[in-house]
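Single-structure report; data block below.
The values are calculated or read from the model by the stated rules, or taken from the named source; none is laboratory data. Please read these numbers as outputs of a predicted model, since none were measured by experiment. Using ideal geometry, Cβ is built from the backbone for each residue, glycine included, and neighbour counts are taken over all protein chains shown.
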Amino acid sequence: PGGAKSRRRSPKAARIRVPMRIAVYPGSFDPMTNGHVDLVRRGCHIFDRVLVAVLCNTEKAPLFTVEERVQMTRDVFRREPKVKVKAFSGLLVDFLRAEKTNIVLRGLRVVSDFEYEFQMALMNRRLDPEVETVFLTPKEELSYLSSRLVKEVHRLGGNVSELVPSLVYRSLQKKLPNGKAT
Ligand code: PNS
């Protein structure tokens, strides 16, 4: 026993498939910032696929419709096959089940994010004990960024062109002309 023949993989073993590790990255993405983009790419270093889940019925009265947010996000990652984008509504845990995964990816930028993120992670675990939330930190220089601030600064005439992907910036200019940005 133990000869070269027995070490060869049996045809059955060769057929065993390692399941794909899919992380769902949920959010409002209204709009996607360079901080989100950085986080998705970091997620791709760890997971086989990052599924960006764009929340439909956000209570925050979004600037962009869900179709616009999904399309912009797809356009941003069009050359990155590991990244998929879908809209979702209802409970995140139900979406995870439908997508046959139990991994949530979220970004932790600053300490003040922690409380909200901790509550969400524990609530999701309560709703489905199999759900695991993985937190990644974005690049330092993006750690102050948020969609809310980007929209506010843009609306008031500040230049946010280096804080969002260029196609998002063009959409922002169309949606919310600020009279100053070029
Ligand atoms: O970008 P945001 O607005 O911080 O994302 C929040 C989001 C979409 C992750 C959260 O609101 C969510 O998961 N909503 C879906 C409804 C749900 O499952 N709520 C309970 C989560 S604890």
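The single condition from (1) within 23 Å of Arg109 (Cβ to Cβ); (2) in contact (Cβ under 8 Å) with a residue 12 or more places away in the chain; (3) of a type outside the set (A, V, I, L, M, F, W, C) that His45 fails is (2).
Residue-level analysis places Val85 among those that are among the β-branched types (Val, Ile, Thr), in contact with a Lys or Arg (Cβ under 6 Å, 6 or more places away or on another chain), closer than 24 Å to Arg148 by Cβ and surrounded by 13 or more Cβ atoms within 10 Å (Cβ to Cβ).
In contact (Cβ under 8 Å) with a residue 40 or more places away in the chain and more than 13 Å from the ligand (Cβ to nearest atom) - does that describe any residue in region 104-126? Scanning region 104-126 turns up no residue that is in contact (Cβ under 8 Å) with a residue 40 or more places away in the chain and more than 13 Å from the ligand (Cβ to nearest atom). Looking across region 58-103, just one residue is touching a strand residue (DSSP E or B) at 6+ places or on another chain (Cβ under 8 Å), away from the ligand (no atom under 15 Å from the Cβ) and of a type in the set (A, V, I, L, M), and that is Val83.
Criterion first (more than 14 Å from the ligand (Cβ to nearest atom) and in a helix (DSSP H, G or I)) does Gly43 satisfy it? Walk me through it before giving the result.
Numbers: more than 14 Å from the ligand (Cβ to nearest atom): yes; in a helix (DSSP H, G or I): yes.
Yes; evaluated as a whole, the condition is true for this residue.
Criterion first (modelled with pLDDT of 95 or more, under 18 Å from Ser171 (Cβ atoms) and hydroxyl-bearing (Ser, Thr, Tyr)) does Thr101 satisfy it? When the stated conditions are applied, Thr101 does not pass them. Here Tyr144 clears all of (1) surrounded by 18 or more Cβ atoms within 10 Å (Cβ to Cβ); (2) more than 14 Å from the ligand (Cβ to nearest atom); (3) among the hydroxyl-bearing types (Ser, Thr, Tyr); (4) closer than 18 Å to Pro31 by Cβ except the condition numbered (1). Taken as a whole, the structure leaves Arg15 outside the set of residues that are more than 10 Å from the ligand (Cβ to nearest atom), surrounded by fewer than 17 Cβ atoms within 10 Å (Cβ to Cβ), at negative phi and at pLDDT 95 or above.
Does Glu59 satisfy being surrounded by fewer than 16 Cβ atoms within 10 Å (Cβ to Cβ) and at pLDDT 95 or above? Please lay out each step first, then the result.
On the way: surrounded by fewer than 16 Cβ atoms within 10 Å (Cβ to Cβ): yes; at pLDDT 95 or above: no.
Answer is no for this residue.
Being buried (at least 17 other Cβ atoms within 10 Å of the Cβ), under 30 Å from Tyr169 (Cα atoms) and not acidic (Asp, Glu) is the requirement here; does Pro138 meet it? Yes.
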